[in-house]
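The values are calculated or read from the model by the stated rules, or taken from the named source; none is laboratory data. Quick caveat: nothing in here was measured; it's all calculated off a predicted structure. Neighbour counts are summed over all protein chains in view; Cβ atoms, including those assigned to glycine, are modelled from backbone coordinates with ideal geometry. Side chains included, ligands, DNA and RNA excluded: accessible areas come from the protein's heavy atoms. Shrake-Rupley method; radii C 1.70, N 1.55, O 1.52, S 1.80 Å.
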Amino acid sequence: MPLFERGEVTIYYEEYGEGFPILLIAPGGMLSALSYWENTPWNPIEQLSDRFRVIAMDQRNAGQSSAPITASDSWHVYTDDQLALLDHLGVDQFHVAGMCIGGPYVMGLIERAPQRVTSAVLFQPIGLDNNRDAFYAMFDSWADKLKPERPEVPEEAWASFRESMYGGDFLFNVDRDFVATCRTPLLVLCGRDLYHPESTSREIAELAPNATFIEYWKEGEDLERAKTAVAEFLSHNTPAQAAS
């Protein structure tokens, strides 16, 4: 079982294929784990591992990963985990693709380490649009299942963690000003539901100076075109020395 341990944090991950690395950040909200890719419109692990080194991971306290829970936890601890795993695997520059909660995680990586992220794919990113209560409820459902296993964590710590995750605006962890100055090439695949508002996807694509937008991508010919577009986007943005 591939496990990366850093202090009290244990991260489960899997690797597939060879080539320039791409980090995959799965959907599932607080339960973001690599197994969730099996239930998406298409599984990028299967599609991309023939030409890239695909690295998929369970986020902390999801799937087979675990970590302490504190009142100061927020988006940044997940970014810490993601970059620490890549460091452990000897990865400097990389592509990143994230679905659902993976959208903000992707942007958090770009904000923290812009020189390392060569391009990014955002599949139906979550965002704020008259839906904050839904995110609070999602967090509470995740937390309620963990609480019996974590009796040492006080209620005020859970409350602080929840507010730090979902009390913000826009993408919750980065603001519009950052997205408007983000030079990293982005491919944004549109969302259309409560957790993944269409407005969020469109605004990211409108703000980011190097963004490409795909409106329809989940079924039939749209799906096949989107698969091709993702692969071509990543190949186009792979550094020349790595592609040769």
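Listed values, structure above:
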quantity: Asp92 vs. criteria open to solvent by 20 Å² or more (accessible area, probe 1.4 Å) and within 15 Å of the chain's Cα centre (by Cα); calculated: no
quantity: The range 217-235 - residue that is of a type in the set (D, E, K, R) and part of a helix (DSSP H, G or I) and, of those, nearest to the chain's Cα centre (by Cα); calculated: Lys227
quantity: In the range 29-50, the residues that are of a type in the set (Gly, Ala, Ser) and open to solvent by 10 Å² or more (accessible area, probe 1.4 Å); calculated: Ser35, Ser49
quantity: Residue within the range 228-239 that is without any contact (Cβ under 8 Å) to a residue 40 or more places away in the chain and either out of contact with any Pro (no Cβ under 9 Å at 6 or more places or on another chain) or basic (Lys, Arg) (or both) present; calculated: yes
quantity: Number of the exception - Ala205 against (1) under 22 Å from Pro44 (Cβ atoms); (2) in contact with a helix residue (DSSP H, G or I) (Cβ under 7 Å, 6 or more places away or on another chain); (3) surrounded by 14 or more Cβ atoms within 10 Å (Cβ to Cβ); calculated: (2)
quantity: Flag for Ala180 being more than 29 Å from Arg60 (Cα to Cα), at pLDDT below 95 and of a type in the set (Gly, Ala, Ser); calculated: no
quantity: Conditions (1) in contact with a strand residue (DSSP E or B) (Cβ under 8 Å, 6 or more places away or on another chain); (2) open to solvent by 40 Å² or more (accessible area, probe 1.4 Å); (3) assigned to a loop (DSSP other than H, G, I, E, B): number failed by Thr238; calculated: (2)
quantity: Selection within the range 1-28 - hydroxyl-bearing (Ser, Thr, Tyr) and open to solvent by less than 50 Å² (accessible area, probe 1.4 Å); calculated: Thr10, Tyr12, Tyr13
quantity: Residue, most open to solvent (accessible area, probe 1.4 Å), within the range 144-173, restricted to residues that are without any contact (Cβ under 8 Å) to a residue 40 or more places away in the chain, assigned to a helix (DSSP H, G or I) and farther than 20 Å from Met107 by Cα; calculated: Lys145
quantity: Subset of the range 51-63 [out of contact with any Asp or Glu (no Cβ under 9 Å at 6 or more places or on another chain) and open to solvent by 20 Å² or more (accessible area, probe 1.4 Å)]; calculated: Gly63
quantity: Filter result for Val117 (within 15 Å of the chain's Cα centre (by Cα), among the β-branched types (Val, Ile, Thr), surrounded by 18 or more Cβ atoms within 10 Å (Cβ to Cβ) and over 16 Å from Leu207 (Cα atoms)); calculated: yes
